[in-house]
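A.B. asks: One structure, as structure tokens, below. Some questions next.
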Amino acid sequence: MNGKKITYLIGFCVLVLMLLSQFAFSSPVPSNILDDEDKGCTTIICGKDATIDGSLITSHTNDCGRCDPRIAYVPAADHKPGDMRSVYAFSLPYPRLCCYDRGPTYFPKAGEEVVEPIGYIPQVEHTYAYFDGVYGIMNEHQLNIGECSCGARTSAKPLPEGQALFDIAELSRVALERCTTAREAIQLMGDLGVEYGYYSGGETLTIIDTEEAWVFDMVASPDGKSAVWVAQRVPDDEVAVMANQFTIREIDLDNPDYFMASDNIYDIAEAEGWWKPEDGQLDFNRVYGRAYDPVRLYSLRRKWRAFDLLAPSKGFTPWVNDTFTKEYPFSVKPDKKVSVQDVMRITRDYYQGTEFDLSKGLAAGPFGTPNRYRSGGAEKLIEDGNWERAIAMFRADYVQISQTRGWLPDSIGSVMWYTPDIALTSCYMPIYAGSTRLPESFTTGNRYEYDESSAWWVFNFVSNWADLKFNYMIEDIKLKQQEIEGKEFAYLPAIDAAALVLHEEDPELARAYLTDYSVNNANAVVQEWRELGKFLVAKYIDGYVNKPTVGEGVGYPLWWLKEVGFGPLPTEKP
């Protein structure tokens, strides 16, 4: 490991220790999503009767900014009686994990050291294959998970400093290893968090199987030794959206078809003075979430935008005056049935065509970039200064849209539509649940060193280059997205049909076929994006538009020239 990496890691560790030293177990400690840009994801989840084909959908924009951008395939495994399952500490930067028990992607590379587990739990006889990222994503049995972090009243320390073993990422992985249904996953993760302790801040997971869609919320117990959790089912004909704020409100445990929760959810709330029975039904967000004003804009504006795109007839307002507003329901019935392509469009949204359109105004520059970069020092000098937060976020490590189709065998029925980097300037690629490997470009690369063999860097380059002349380059990018994704969706029924024929003959033949298709298609798309990057460099270098005519100047828009004071040069000293 070179000196720059060592310095970075040492600095990161010192920062983590400084932050953790502020946490205590004796009283609730707020968890602030806005102080840490690692926690800024958006997730959408659709019931089966809300979609055009009866599939279930969930998604996750992993908007981190410093996370390990790789995804991994973790193979299925058999285990001996008495084996223990390692539990590793939560880590964001590359490498998030170095070990020999999670598949080749996590094998230590040159200069990397194996990470020691912080604890163990009893292993089961067999664990399922799954795809892993910063959080678990999809397993071989059509169980899929999305994630977003939320503000909470409480937090806790992990072992050995504290008394909690699990974070939400490890819980999601255990669920994918051991479960085939959303309800099983919820119960398992909840039980493990309660028994072994949970140390993440507030967290939401969206979980789908072939029949049901669920939202799962978890917080640390005030003593730092356990967890409190709740889950609510999304009605089959509705869609729910989470944007860094809990969305489960009043819970009704007398309705087990739609609610699940930890046994301690009422006792802890009452003991802490946050709720009492005479208050009526417990409002999970109000009782266990954190109230702070910026959520109205940072989180709720995104929820409004997604709801307004899905159900414009409802007339939701973007202007709310209360963090705990009831303006936006837990879920909404869309005006029309939703497709995977619809969810893709939402993940690419920056408030286009609204009063919050980030491609408009002086801050967008002359060429309309919607990106507003991370705050440094000057922003803090302006009281309450903030940019609008869109769903499409430049600092995304990857975006996934997972789909389950229960009428097909598991290996064929579940598809993860995956793109590295921000979806706005990238291209989705389908990975079938039956695949047994990933393209090498998906499993390599880090944020410290430019590496054109890494898919993340290929897509990230296009995104960054497009910022120079966004309103021009985005049109080239959209054409390429439409071309590639259009082909992928057109081919999908034929891929499904061929895989089904092979599955009936031998399921392993189908898995091999789906693996080859997923990997070969992704490799081809990554190469096309490399070529797109080169095309954009040549077309727009030096501020020109070089195609179809080399050296064609396009200048600046008139409104911008006026704003910056463009005019005659001074002829005298002021």
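A.B. asks: I want to confirm something. Restricting to segment 235-277 and keeping residues that are of a type in the set (Phe, Trp, Tyr) and under 21 Å from ALA185 (Cα atoms), which single residue is least open to solvent (accessible area, probe 1.4 Å)?
C.D. replies: Only one residue fits best here, namely PHE246.
Here's the yes/no breakdown for (1) at pLDDT below 95; (2) under 30 Å from GLU485 (Cα atoms); (3) of a type in the set (Ser, Thr, Tyr); (4) touching a strand residue (DSSP E or B) at 6+ places or on another chain (Cβ under 9 Å):
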| residue | (1), (2), (3), (4) |
| --- | --- |
| THR515 | no, yes, yes, yes |
| ASN521 | no, yes, no, yes |
| VAL525 | no, yes, no, yes |
| GLU528 | no, yes, no, no |
| LYS534 | no, yes, no, no |
| VAL537 | no, yes, no, no |
| LYS562 | no, no, no, no |
| PRO568 | no, no, no, no |
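A.B. asks: How many residues are in contact with a Cys (Cβ under 8 Å, 6 or more places away or on another chain) and over 16 Å from TYR350 (Cβ atoms) when one looks only at segment 381-397?
C.D. replies: 1
A.B. asks: So, in segment 116-139, exactly how many residues are part of a loop (DSSP other than H, G, I, E, B), in contact with a Ser or Thr (Cβ under 8 Å, 6 or more places away or on another chain) and more than 24 Å from SER414 (Cβ to Cβ)?
C.D. replies: Residues that pass the stated criteria total 1.
A.B. asks: Further, regarding this structure: Could you list, in sequence order, the residues of segment 105-115 that are open to solvent by 10 Å² or more (accessible area, probe 1.4 Å) and either assigned to a strand (DSSP E or B) or free of Cβ contacts under 8 Å to residues at least 40 places away in the same chain (or both)?
C.D. replies: PHE107, PRO108, LYS109, ALA110, GLU113, VAL114, VAL115
A.B. asks: Please go through segment 136-145 and give me each residue that is open to solvent by 10 Å² or more (accessible area, probe 1.4 Å) and under 17 Å from the mean Cα position of the chain (by Cα), ordered by number.
C.D. replies: Result: no residue meets the conditions.
A.B. asks: Taking the residues in segment 329-348 that are over 19 Å from MET429 (Cα atoms) and free of Cβ contacts under 8 Å to residues at least 60 places away in the same chain as candidates, determine which candidate is surrounded by the most Cβ atoms within 10 Å (Cβ to Cβ).
C.D. replies: My answer is PRO329.
A.B. asks: Out of all the residues in segment 151-163, which are crowded, with 24+ Cβ neighbours inside 10 Å and touching a helix residue (DSSP H, G or I) at 6+ places or on another chain (Cβ under 7 Å)?
C.D. replies: GLY151, ALA152
A.B. asks: Out of (1) more than 24 Å from LYS276 (Cα to Cα); (2) open to solvent by 10 Å² or more (accessible area, probe 1.4 Å); (3) touching a residue at least 60 places away in the same chain (Cβ under 8 Å); (4) not charged (D, E, K, R), the odd one out for THR181 is which?
C.D. replies: (3)
Per-residue answers, yes or no, for (1) within 17 Å of the chain's Cα centre (by Cα); (2) surrounded by fewer than 14 Cβ atoms within 10 Å (Cβ to Cβ):
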{"position": "PHE90", "(1), (2)": "yes, no"}
{"position": "GLU125", "(1), (2)": "no, yes"}
{"position": "TYR128", "(1), (2)": "no, no"}
{"position": "VAL134", "(1), (2)": "yes, no"}
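A.B. asks: Separate question: Quickly run through segment 459-486 and pick out the residues that are open to solvent by 70 Å² or more (accessible area, probe 1.4 Å), among the aliphatic types (A, V, I, L, M) and either out of contact with any Ser or Thr (no Cβ under 9 Å at 6 or more places or on another chain) or under 25 Å from ASP516 (Cα atoms) (or both).
C.D. replies: LEU479
A.B. asks: While we're on this one: Taking segment 418-439 only, how many residues are open to solvent by 10 Å² or more (accessible area, probe 1.4 Å) and either free of Cβ contacts under 8 Å to residues at least 60 places away in the same chain or among the small types (Gly, Ala, Ser) (or both)?
C.D. replies: Here the count works out to 0.
A.B. asks: OK, next. Residue check, VAL399 against (1) open to solvent by 10 Å² or more (accessible area, probe 1.4 Å); (2) under 19 Å from the mean Cα position of the chain (by Cα), all met but one. Which one?
C.D. replies: It is condition (1) that VAL399 fails.
A.B. asks: Those residues that are over 20 Å from GLY406 (Cβ atoms), open to solvent by 60 Å² or more (accessible area, probe 1.4 Å) and not hydrophobic (A, V, I, L, M, F, W, C), I need them from segment 487-505; list them, please.
C.D. replies: LYS487, TYR491, GLU505
A.B. asks: Among the listed residues ASP63, ASP101, which satisfies the condition of being within 28 Å of GLU161 (Cβ to Cβ), within 19 Å of the chain's Cα centre (by Cα), among the acidic types (Asp, Glu) and modelled with pLDDT of 95 or more?
C.D. replies: ASP63
A.B. asks: Related question: How many residues does segment 517-574 contain that are without any contact (Cβ under 8 Å) to a residue 12 or more places away in the chain and either within 32 Å of the chain's Cα centre (by Cα) or open to solvent by 100 Å² or more (accessible area, probe 1.4 Å) (or both)?
C.D. replies: Count: 19.
A.B. asks: While we're here: Say we look at segment 367-381 and pick out the residues that are surrounded by fewer than 18 Cβ atoms within 10 Å (Cβ to Cβ) and at pLDDT 85 or above; which of these is nearest to PHE356 (Cα to Cα)?
C.D. replies: Selected residue: TYR373.
A.B. asks: With the condition being polar (S, T, N, Q), within 30 Å of SER414 (Cβ to Cβ) and under 20 Å from the mean Cα position of the chain (by Cα), I'd like the strands (runs of 3 or more DSSP E) fully within segment 181-289 carrying at least 1 qualifying residues.
C.D. replies: 202-208, 227-234
A.B. asks: Restricting attention to segment 402-417, report how many residues are in a loop (DSSP other than H, G, I, E, B) and crowded, with 24+ Cβ neighbours inside 10 Å.
C.D. replies: Residues meeting the conditions: 1.
A.B. asks: Hey, another quick one. Free of Cβ contacts under 8 Å to residues at least 24 places away in the same chain and open to solvent by 10 Å² or more (accessible area, probe 1.4 Å), is that true of GLY280?
C.D. replies: no
The values are calculated or read from the model by the stated rules, or taken from the named source; none is laboratory data. Just so we're clear, the structure is a prediction, and the values are computed from it rather than from any experiment. When we count neighbours, we look across all protein chains shown, and the Cβ atoms used for this are built from the backbone with ideal geometry, even at glycine. Side chains included, ligands, DNA and RNA excluded: accessible areas come from the protein's heavy atoms. Shrake-Rupley method; radii C 1.70, N 1.55, O 1.52, S 1.80 Å.
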